[in-house]
Every structure is written in structure tokens, then in C-alpha cells.
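Beneath this line is the structure, given in C-alpha cells, with notes to follow.
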């Protein structure tokens, strides 16, 4: 399974990378929104996208917009944020995110959500 992971926090990227690799998945890492958009343009298909909502250059909502509107894809998207306020979560879900996870990241919870989305 090819998964795009976008987060500007190297520790979070490392945790997700190890979690996905240990589960037999193939992570593609992006440390900011610009790298994430480059991956989306260069690769035909991702099975899932995990993105932080707040990143340099392009936020998670811009990545979501590109996938849903520009590319016309229904790729499952999990959005991460340390901001767990209800209005932030509601906005993300309204924009088309499939799941929302608040940080600090729980790898077991992440894997559970991935398995739920990609059957």
C-alpha cells in the first residue's frame, strides 16, 4: 500500500514511517506542503494520504483541495493536528477528510484508522 505522509515535524514523520513500514506499507514522506504537492503530481496513485493540517508553504486543506478538486480523486485522507478544537475538526470533515487524528500521535490508533479506510 502506497501512502503519502505530510508533516513538518520530523519526529512525527519518523514515527509514522516506522509504523507504516512495520505494517508492510510503503510511505512517501513530505516535510512540507510543497513536497506533498510534488509527490501528488509525480505519482499516479496513492492508496491513502496522511497530512498535518498546518505546514509550511501549503496547508493540509490545500493538499485536500488538490486531491478532491484538481485531481478528482476519492483517495482516503487522514488529517493530523495538535489543534483538536471542534471547529477545526468540523471544518476538516466538511472539506472532505475521512478521518481526523489529534496529536500526540498514537501509532496503534493510526493503524486502526488506516485499516478501516483501506479495506
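Points to keep in mind about this one:
Yes/no per residue for (1) out of contact with any strand residue (DSSP E or B) (no Cβ under 9 Å at 6 or more places or on another chain); (2) under 19 Å from residue 114 (Cβ atoms); (3) touching a residue at least 24 places away in the same chain (Cβ under 8 Å):
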{"site": "17", "(1), (2), (3)": "no, yes, no"}
{"site": "28", "(1), (2), (3)": "no, yes, yes"}
{"site": "47", "(1), (2), (3)": "no, yes, yes"}
{"site": "56", "(1), (2), (3)": "yes, no, yes"}
{"site": "63", "(1), (2), (3)": "no, yes, yes"}
{"site": "70", "(1), (2), (3)": "yes, no, no"}
{"site": "80", "(1), (2), (3)": "no, yes, yes"}
{"site": "89", "(1), (2), (3)": "no, yes, no"}
{"site": "96", "(1), (2), (3)": "no, yes, yes"}
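- The lone criterion from (1) under 14 Å from residue 16 (Cα atoms); (2) assigned to a helix (DSSP H, G or I) left unmet by residue 87 is number (1).
- The lone criterion from (1) in a loop (DSSP other than H, G, I, E, B); (2) in contact with a strand residue (DSSP E or B) (Cβ under 7 Å, 6 or more places away or on another chain); (3) within 17 Å of residue 2 (Cβ to Cβ) left unmet by residue 114 is number (1).
- Count of the stretch 4-14 residues which are touching a helix residue (DSSP H, G or I) at 6+ places or on another chain (Cβ under 6 Å) and either touching a residue at least 60 places away in the same chain (Cβ under 8 Å) or farther than 19 Å from residue 102 by Cα (or both): 1
Each reported figure results from applying straightforward, stated rules to the coordinates on display, with no laboratory input. Predicted, not measured: the structure shown is a model, and the values here were computed from it. Don't worry about glycine lacking a Cβ; one is built from the backbone with ideal geometry, like all the others, and counts go over all protein chains shown.
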